[in-house]
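The values are calculated or read from the model by the stated rules, or taken from the named source; none is laboratory data. Small disclaimer: the values here were computed from a predicted structure and weren't measured. Every residue, glycine as well, gets a Cβ built from its backbone with ideal geometry; the counts of neighbours run over all protein chains shown. In case anyone asks, the SASA skips ligands and DNA or RNA and just uses the protein heavy atoms, side chains included. Shrake-Rupley method; radii C 1.70, N 1.55, O 1.52, S 1.80 Å.
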Amino acid sequence: MTTQLRDPDRTGASHLLSPAEIAHYEEHGYVTPEWRLPDHLLVEMRTALDTLLSGNDGVSRDSMFCPHIVAGGTQGLKGDNRWLDFARIPEILDMVGQVIGPDFLLWGTTVFGKPAGTGKRVPWHQDGEYWPIKPLATCSAWIALDDATPENGCLRVIPGSHKSQRLRAHNQNDSADLVLNQELDPSEFDEAEAHDIVLKAGQLSLHDVYLVHGSEPNRSDKRRAGYVCRYMPTSSHFDHGYGSQLQARGGNQVDFTTRALWLMRGRDLCGKNDFEVGHG
Ligand SMILES: O=C(O)CCC(=O)C(=O)O
């Protein structure tokens, strides 16, 4: 089946972020665009998710790293090219380009599957703590595959927390109840300022690498799956060598040393990104 990525009814400028949406991203570190996936694409993504789940029995549903890498992805996940297609949805790339510039690459994806009843908490964190990106920069597109609400553990953010462009103090927490093992020190933010990102299935949010965010466990009877794509401007370098040093420090749950990079738009501005590693 050929994935028809661009929505025929929404071509043209209508999907682009408005000036107010761009200003919201800059001011608050995230935005929930007006545009949403066309129904046919949402159906395809949910079908791909069913396949991913049924083909990967032993892998935690809470975080399935790199489904876009077909074989030998992190965790031994059996992936599928369709997830790479979904990371190339032109409307989403256009919006990402509006906030990080026209030259950018895809370096990672994750399905945060948060199953009904048992979905775990994602501790408060900033994304960049163990990412080998110099200088640190990434825009994450979090695509809701189910409705995401406070009841089933939608993404929560601390608006404006990206602004200092500073990685705050994290502690390692290896509790089995958490999806990630890096947790922000409570002195670093005020949870009372948290904002819930409530999304209908097919909507998405974009967030900055320095934004403080997390999500509550899913105690409801409704799954809350999201597919996140990580895009970085090619003015930054994804340093595979530094990836191994970070791993040696013990904080990483994933292997960045062989991570494949895909140029999504424009060219490699820094000239140092390696588009052969991991493409086997
Ligand atoms: O899906 C979640 O609850 C967490 C997502 C997240 O931490 C991220 O996209 O960076």
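Residues that are within 12 Å of the ligand (Cβ to nearest atom) and open to solvent by 10 Å² or more (accessible area, probe 1.4 Å) within the range 116-126 comprise 120, 121, 122, 124, 125, listed in sequence order.
Considering only the range 81-96, I want to know if a residue exists there that is part of a helix (DSSP H, G or I), of a type outside the set (A, V, I, L, M, F, W, C), open to solvent by less than 20 Å² (accessible area, probe 1.4 Å) and in contact with a His (Cβ under 9 Å, 6 or more places away or on another chain). Yes, because at least one residue in the range 81-96 is part of a helix (DSSP H, G or I), of a type outside the set (A, V, I, L, M, F, W, C), open to solvent by less than 20 Å² (accessible area, probe 1.4 Å) and in contact with a His (Cβ under 9 Å, 6 or more places away or on another chain). For the range 172-195, a tally of residues being open to solvent by 50 Å² or more (accessible area, probe 1.4 Å) and among the charged types (D, E, K, R) returns 5. The conditions of being over 18 Å from residue 65 (Cα atoms), open to solvent by 30 Å² or more (accessible area, probe 1.4 Å) and away from the ligand (no atom under 14 Å from the Cβ) are not met by residue 150.
If the condition is being of a type in the set (Asp, Glu) and more than 16 Å from the ligand (Cβ to nearest atom), then the range 160-187 contributes 174, 185. Going residue by residue through the range 148-164, is there one that turns out to be more than 20 Å from residue 32 (Cβ to Cβ) and of a type in the set (A, V, I, L, M)? Checked against the condition, which is being more than 20 Å from residue 32 (Cβ to Cβ) and of a type in the set (A, V, I, L, M), the range 148-164 yields no hits at all.
For the range 24-38, taking the residues that are open to solvent by 20 Å² or more (accessible area, probe 1.4 Å) and more than 16 Å from residue 227 (Cβ to Cβ), the one that is modelled with the lowest pLDDT is identified as 34.
The residue of the range 161-179 that is farthest from residue 63 (Cα to Cα), among those that are in contact with a Leu (Cβ under 9 Å, 6 or more places away or on another chain) and part of a loop (DSSP other than H, G, I, E, B), is 165.
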